[in-house]
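Since the structure comes first, as structure tokens, the remarks are kept for the end.
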Amino acid sequence: MWLPGLPWALALLVTAASSGPSAEPPDPASIFADLSPAELRAVRTFLMERPELGLSPSQGGPLAKNSLFLVELLPPKKRWALRFLEHGGARPRREARAVIFFGAQAEPNVTELAVGPLPRPSSYRHLPFPGGRAVPFWARPMTRREYELLHRALVAALAPLEPLLREATGFGFQNCSGRCLTFSDVAPRGLGPGERRTWLVIQRFVEGFFLHPAGLEVLLDHRDPDPRRWAVRQLWYDGRYFGSVRELAESHARGELPLARLPEPPARQLFSSYEPRGRFPGGTPAEPHGAKVCEPQGRRYRLRGNRLEYGGWSLAFRLRSSAGLQLFDVRFGGERVAYELSVQEAVAFYGGHSPAAMQTKYMDAGWAMGASSYELAPGVDCPESAAFLDAHHLLDADGPVRFRRALCVFELPTGVPLRRHFDSDFQGGFHFYAGLEGRALVLRTTSTVYNYDYIWDFLLYPNGVLESKVHATGYIHATFYTPEGRRYGSRVHSHLLGNIHTHLVHYKVDLDVAGSGNSFETMDIRFENISNPWSAGARVGWDRSPPAPRLTPPLTCPRYHLAVTRRHENEPSSSSIYTQNNPWDPPVTFESFIRDNETIEDQDLVAWVTVGFLHVPHAEDIPNTATPGNAVGFFLRPFNFFSEDPSVASRAAVIVRPLDPPACSRLQIQRWTPASPGPCLPPEPFSYNGTYRQV
């Protein structure tokens, strides 16, 4: 956006309202808290009332308009936050990040603004992108309005194919009622900068429609802000390419097109549904409830706003709309070990024979994976005993939207002891047994980015270990089966190909170990051949194994399992919401973070961590990919940071000693918790809402 006559160096100032009556000071963690619905509304109202911005409502109207796309917290600069948290300095100014689509001007673009101070905004300033470049309008994320227009354009363009579609699938686009076709879109939207051409996979709209491709894929050009200029550029049907809708329709009319006829979907127990079917072999009962997590003596963690405390742990958290879960000011025993730990990006690169499959390279920050945090079901997504928290997002909407139960917190019995030892006397008895039950506190949310569901966990253990983990589940991204497609996946159903793909997840880890001045050091372990000092002539050693080949994905941030850089305020994220639609020249290029040849000794450092796995879909991915075997993550572990394992402070240990060894007939049992935890009370009946509505 360019504002005529208004230099960027000057923020627009208006009179601020007087502050209200004094109240109890908020928790220091609140400087990292997500914007409240009132703050989101205040930012939107303030911007909508600025005449020089010329903003229109997000919903409805043309694409060639100025509209507010996203509002979320703009975290304070680290030095200001630490001055407040550590040295009693002033509370940092609370600001919002606002993303605006400027489509109603000669050179449309995307602009980001910092708006504040909150809760009563009175000014804004420009947030520059690296290199001072603007984000082109064609690189903007998709909106609900563009999808509405895309569907309308597709239905009109494919009208000549209605006889073909009805005959082959029994479904259609025209006057379809309960037997409609739909589509899924893939990205990137083109093969180079400036393009906005999207391959659309046509599917039957039944439960689990992701697994019901119709055999037709359509390339639709929608770069122009005027939908009247949109056009179908190419089609693919059952392995063959066609240059126009007319060419495909005429081929069918002449009887020259072999049709891929799909069977009628059953009314019940559709293969893509969750409806139970079949029986387990062996006859064990499946109807009774299984094991449950309970808290018979109440919660052992404290949740105050966005501050979470458990054992020696303390942290602040938020769920940002753009990229998801973010931790700040992570401490153990009162000492900070990390300033920030956050999800940055989740990518999935696919292979396939159809054009949609070979084009698919999903970068989920571009689909606002943080705002895809739909309701968590008690007893399924989280234990019934969990604490559930709502989230509020203002993304592609004309007001804040409430997402019920978007996060949960619960203590989890790990099912394996944290520590244990049986000290045998090797005479049929023992000297002692000691063990400490394994438990962890879990902070969880999910991202449902269309077909895939990501389950994001941060786990806090009593021994000072923090685990970051993501499970992948949901529907596979599947295409229509052709014999040629077998090179790129598995035939998982009669007309369905599960396409091979790689999941990569990128994290930011801003460690502050005993202060922000840290160094990065690796330890190399090697085998050594030496003369045995206690046996002359003998050698001690092993042959080295050859190193494994290195895999290099094409996206820069996942290219490294671990990259360590100096921390800079202008490098807050390794990706952006614009990378998906402009991967060729994105505004954020991670490679530039590590090519500046800066020293990383005694500096404020950030570790960028990539985890991932290769997924070769198989029949057992029907109806959904299961979480076992599809989880990756990493650990932050203390290394000579404590004088001993800090979990010795736990009172959940058990020590058993025989009073009459070696007979061991009388035992001394020591416990520091009540002898019986009490009954696990049945929770309230299952309930679920599932809505996310403007508030």
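The values are calculated or read from the model by the stated rules, or taken from the named source; none is laboratory data. Note that the coordinates shown come from a computational prediction; the quantities given were computed from them, not determined experimentally. For neighbour counting, all protein chains shown are included, and Cβ atoms are generated from backbone atoms with ideal geometry for every residue, glycine included. Protein only, heavy atoms only, side chains kept; ligands, DNA and RNA dropped before computing areas. Shrake-Rupley method; radii C 1.70, N 1.55, O 1.52, S 1.80 Å.
5 Å is the cut-off here: which amide hydrogens, built 1.01 Å from N in the peptide plane, fall below it relative to Leu74, excluding neighbours closer than 5 in sequence?
Close amide H contacts, sequence-distant or interchain: Glu95, Ala96, Arg97.
Per residue of the stretch 318-323, in order, report the coupling 6.51 cos²θ - 1.76 cosθ + 1.60 (Karplus, θ = phi - 60°) as ³J(HN,Hα) in whole Hz, putting x for Gly and Pro.
Result, rounded to whole Hz: 8, 10, 6, 5, 6, 9.
Could you work out how far apart the two model spin labels at His618 and Asp224 are, taking each label as a point 7 Å from the Cα in the direction of the beta carbon, and quote it in nm?
5.0
In terms of modelled amide H atoms, which long-range or inter-chain residues lie less than 5 Å from the amide H of Gly324?
Amide H to amide H, under 5 Å and 5 or more residues apart or across chains, Gly324 pairs with Gly370.
For the stretch 28-127, restrict the atom set to alpha-carbon positions and state the Rg and Dmax in Å.
15.2, 51
Just the accessible area for Val654, please: 1.4 Å probe, Å², rounded to the nearest 10?
Spelled out: Val654, probe radius 1.4 Å, area about 30 Å².
When the accessible area of the stretch 573-660 is split by element with a 1.4 Å probe, what percent falls to carbon and sulfur?
Within the stretch 573-660, the accessible surface is 51 percent carbon and sulfur.
For the stretch 144-254, which whole percent of the accessible surface, found with a 1.4 angstrom probe, sits on carbon and sulfur atoms?
For the stretch 144-254, the apolar C and S fraction of the accessible surface comes to 49 percent.
Pop out the carbon and sulfur fraction of the accessible area of the stretch 87-134 as a percent, whole number, probe 1.4 Å.
Taking all protein chains in place, the stretch 87-134 shows 54 percent carbon and sulfur surface.
If ligands, DNA and RNA are left out, what is the accessible area of Trp138 with a 1.4 Å probe, given in Å² to the nearest 10?
40
Work out the FRET efficiency for Ala626 and Arg152 from their Cβ-Cβ distance, taking R0 = 41 Å, and round it to the nearest 0.05.
Once the sixth-power term is evaluated, E becomes 0.65.
Determine how many Å³ per residue the convex hull of the Cα atoms of the chain encloses.
233
Given points 7 Å out from each Cα along the Cα-Cβ axis, report the Phe422 to Arg93 separation in nanometres with one decimal.
The answer from the label model is 6.5 nm.
Would you list Thr589, Thr111 from the most to the least accessible area, probe 1.4 Å?
Largest to smallest exposure gives the sequence Thr589, Thr111.
Through the Karplus equation 6.51 cos²θ - 1.76 cosθ + 1.60, θ set to phi - 60°, convert the phi angles of the stretch 357-366 into ³J(HN,Hα) values in whole Hz; use x for Gly and Pro.
Karplus-based 3J(HN,Hα) across the stretch 357-366 equals 5, 6, 8, 6, 9, 6, 10, 6, 4, x Hz.
Can you figure out the FRET efficiency of Cys176 with Asp398, using R₀ = 22 Å and their beta-carbon distance, to the nearest 0.05?
Here the calculated transfer efficiency is 0.15.
Using the Cα centre of the chain as the reference point, and only Cβ charges (+1 on K/R, -1 on D/E), how large is the resulting charge dipole? Debye, rounded to the nearest 20.
660
Just the accessible area per residue of the stretch 144-254, please: how many Å² with a 1.4 Å probe?
41
In debye, nearest 20, what is the charge dipole magnitude of the stretch 144-254 about its Cα centre with +1 on Lys and Arg Cβ and -1 on Asp and Glu Cβ, if you could check?
Numbers: 16 positive and 14 negative charges, 37 e Å.
Roughly 180 debye, rounded to the nearest 20.
What lysines could a cross-link reach from Lys78, if we take a straight Cα to Cα line under 30 Å and drop same-chain neighbours fewer than 8 places away?
Reachable lysines: Lys469, Lys508.
Rounded to the nearest 500, what is the 222 nm mean residue ellipticity of the chain from helices alone, with -39500 (n - 2.57) per DSSP H run of 4+ residues and division by all residues?
Rounded to the nearest 500, it is -2500 deg cm²/dmol.
Using the Karplus curve 6.51 cos²θ - 1.76 cosθ + 1.60 with θ = phi - 60°, work out ³J(HN,Hα) for each residue of the stretch 609-625 in order, rounded to whole Hz, and write x for Gly and Pro.
10, 10, 10, x, 7, 8, 10, 9, x, 9, 4, 6, 7, 9, x, 9, 5
What per residue convex hull volume, in Å³, comes out for the stretch 144-254 when only alpha-carbon positions are used?
Convex hull of Cα atoms, per residue: 113 Å³.
If you stretched the chain out fully between Arg304 and Arg133, how much longer would it get, using 0.36 nm times the residue separation minus the C-alpha to C-alpha distance?
The Arg304-Arg133 span can extend by a further 57.5 nm.
Sorted by mean Cβ packing within 10 Å, highest first, what order do the peptides 432-439, 276-283 take?
Going by the mean number of other Cβ atoms within 10 Å, highest first, we get 432-439, 276-283.
To the nearest 0.05, how large is the calculated FRET efficiency for Tyr450 and Glu528 if R₀ is 60 Å and r is the Cβ-Cβ distance?
0.70
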